[in-house]
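The values are calculated or read from the model by the stated rules, or taken from the named source; none is laboratory data. Predicted, not measured: the structure shown is a model, and the values here were computed from it. With ideal geometry, Cβ positions are generated from the backbone for all residues, glycine too; neighbour counts draw on all protein chains shown.
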Amino acid sequence: MIPVTELRGAIPIGIAMDLNPIGVYIASVVGSTLVSIPLVLTFRHIMQFLKEKGLFLKLLNKIDRKIHSGMKRMKQVSIFGIILFVGIPLPTTGTWTASAIASILKMRIKDAFIGVLIGNMMAGIIMSLLSLHII
């Protein structure tokens with residue numbers, strides 16, 4: 001659940017500690033995914049607070065205009081985008097950043113959660129295989 005490392009750090013550490021790789025995978029995916037719901041809600045409140053206080057108003061309005069102009073297309077590809085974004089295990093492409101993106105795109109919580117879950121499952125498999133020296 002910790003930003004930056006998330007399951008990308010938990011899986012190699014757990015496997016290096018000789019823990020059960022399947023248990024490490026499941027715990028890492030569940031732990032990293034569950035935090036996405038409160039994060040999306042928190043980021044939404046932060047954006048609303050910034051708008052009310054007039055902070056970064058030009059930037060927030062520009063983002064809102066972009067989102068509203070391509071809303072239909074964005075709704076269709078946003079889940080897949082979140083899946084790919086989280087599923088590629090690189091630094092800063094985890095649950096925290098994906099939750100911020102989902103809140104900026106005004107995704108439904110369910111869609112954001114599904115995207116993060118599937119992405120975390122993919123990243124977890126990749127990290128597990130790398131940690132076990134299979135790939």
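Of all residues in the stretch 2-13, those satisfying the criterion of being in a helix (DSSP H, G or I) and touching a residue at least 24 places away in the same chain (Cβ under 8 Å) are 6, 7, 8, 11, 12. Restricting the stretch 42-62 to residues that are part of a helix (DSSP H, G or I) and surrounded by 13 or more Cβ atoms within 10 Å (Cβ to Cβ) leaves a set whose member that is modelled with the lowest pLDDT is 60.
Figure legend. Inter-residue proximity from the stretch 113-128: first residues free of Cβ contacts under 8 Å to residues at least 60 places away in the same chain, second residues surrounded by fewer than 24 Cβ atoms within 10 Å (Cβ to Cβ) and not in a helix (DSSP H, G or I), beta-carbon distance below 6 Å, spacing 6+ or different chains. Indicated pairs: 126/89.
Residues in the stretch 98-112 that are within 15 Å of residue 88 (Cα to Cα) and free of Cβ contacts under 8 Å to residues at least 40 places away in the same chain: 0 in all.
The number of residues in the stretch 16-45 that are touching a residue at least 40 places away in the same chain (Cβ under 8 Å), out of contact with any Gly (no Cβ under 9 Å at 6 or more places or on another chain), among the hydrophobic types (A, V, I, L, M, F, W, C) and closer than 29 Å to residue 101 by Cβ comes to 6. Screening the candidates 88, 82, 126 for the property of being of a type in the set (A, V, I, L, M) and crowded, with 18+ Cβ neighbours inside 10 Å yields one hit, 82.
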